[in-house]
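Down below is the structure, laid out as structure tokens.
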Amino acid sequence: KEKMSSGARDSHFIEPETGFSVYAKVPKGNPNGTKGTSPLAVVEPDDVAVESLRALGSSLEFSMEEGSRPIIGVSGLIPGVGKSFISVNLAALCAGLGKKVILIDADLRKGRLHKEFGIKRGNGLSQILLNQASLDDVIKNTEVQNLDIIPCGNVPPNPAELLGSKHYTNLIDELEKRYDLIIVDTPPIMLVTDAALACRVASQIVMVIEYNKHSIDAIKDGMTQLLKGNASAHASFVINKYEHGHSDGYGYKYGKY
């Protein structure tokens, strides 16, 4: 019955079919990563979704090999699965453990992390990759102790080219000297090649899928695309908007790329 269903729901089905672990099942909840300009993980640390993300953080840390780069790439299969919710709150939880964390919005086309933290979009990642700003110009502090963010910046004419450049890898190298953990929030993998390019520096890649939304073939194809150019990365899934029963869920839109 599960195989015939259009949407994959269960980790016991997804894991053997794909060969990758499901590290967290995050229940449906607030469609935004923040309340006001503070992450949900800070405002409501006992929320069930936050508890699931704590488990994700522990699993990622456990699977991070000794000596591997402390870089996590996060992508979604398609728009609207809640990828930024996962990125923002994972970053906040890691910062809460005393790690110095930088969250990078590498969605140069439709990035929205600046909205989550109440900061301006301009003067961000695209500006530093275009040599229009310095690193110190684009790093923004957040209300969360130990957590900084680099917003996406203004939309450049060539996002994929910028993320595929040596300038991008040099930037990550520099940030690695300053921070204990780098989390890169990337665009949906099924729409543009940007996500695979942004994730090529990561030692951990997390793909966010929505409960009962995608076929197993789409999930497998998405992970294959995401791992292009970085086959050595440790990959895992997060099932977001997880339901124990069936009911009409909320949806939040994310326009065309």
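The values are calculated or read from the model by the stated rules, or taken from the named source; none is laboratory data. All of these numbers come straight from a predicted model, not from anything done at the bench. We place every Cβ from the backbone using ideal geometry, glycine too, and count neighbours over all the protein chains shown. Heads up: the accessible areas ignore ligands, DNA and RNA and are worked out on the full protein's heavy atoms, side chains in. Shrake-Rupley method; radii C 1.70, N 1.55, O 1.52, S 1.80 Å.
Within the range 129-158, take every residue that is under 19 Å from the mean Cα position of the chain (by Cα) and open to solvent by less than 10 Å² (accessible area, probe 1.4 Å) and give me the one that is farthest from A198 (Cα to Cα). The extreme case among them is L147.
In this structure, is E161 open to solvent by 40 Å² or more (accessible area, probe 1.4 Å), under 18 Å from the mean Cα position of the chain (by Cα) and modelled with pLDDT of 90 or more? For E161, the condition - open to solvent by 40 Å² or more (accessible area, probe 1.4 Å), under 18 Å from the mean Cα position of the chain (by Cα) and modelled with pLDDT of 90 or more - is not met. For the range 182-204, residues that are β-branched (V, I, T) and assigned to a helix (DSSP H, G or I) total 1.
Does A49 satisfy the criteria of being open to solvent by less than 40 Å² (accessible area, probe 1.4 Å), modelled with pLDDT of 80 or more and not acidic (D, E)? In short, yes.
Listed here are the residues, each with its yes/no results for (1) in contact with a strand residue (DSSP E or B) (Cβ under 7 Å, 6 or more places away or on another chain); (2) among the basic types (K, R); (3) without any contact (Cβ under 8 Å) to a residue 24 or more places away in the chain.
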site	(1), (2), (3)
P70	yes, no, no
G98	no, no, no
I102	yes, no, no
K115	no, yes, yes
S126	no, no, no
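Only a single item in (1) over 25 Å from G96 (Cα atoms); (2) at pLDDT 95 or above is not met by P187, and it is number (2). Of everything listed in (1) surrounded by fewer than 23 Cβ atoms within 10 Å (Cβ to Cβ); (2) out of contact with any Ser or Thr (no Cβ under 7 Å at 6 or more places or on another chain); (3) of a type in the set (S, T, Y), the single unmet condition for S84 is (1).
Considering only residues in the range 171-181 that are open to solvent by 40 Å² or more (accessible area, probe 1.4 Å) and in a helix (DSSP H, G or I), the one that is nearest to R69 (Cα to Cα) turns out to be E176. Quick check on M190: is it touching a residue at least 40 places away in the same chain (Cβ under 8 Å), under 15 Å from the mean Cα position of the chain (by Cα) and open to solvent by 60 Å² or more (accessible area, probe 1.4 Å)? Yes, satisfied. Of the listed requirements (1) open to solvent by less than 40 Å² (accessible area, probe 1.4 Å); (2) farther than 20 Å from A196 by Cα; (3) over 14 Å from the mean Cα position of the chain (by Cα), R121 misses just one: (1). The number of residues in the range 205-217 that are in contact (Cβ under 8 Å) with a residue 40 or more places away in the chain, surrounded by fewer than 17 Cβ atoms within 10 Å (Cβ to Cβ) and not in a loop (DSSP other than H, G, I, E, B) comes to 0.
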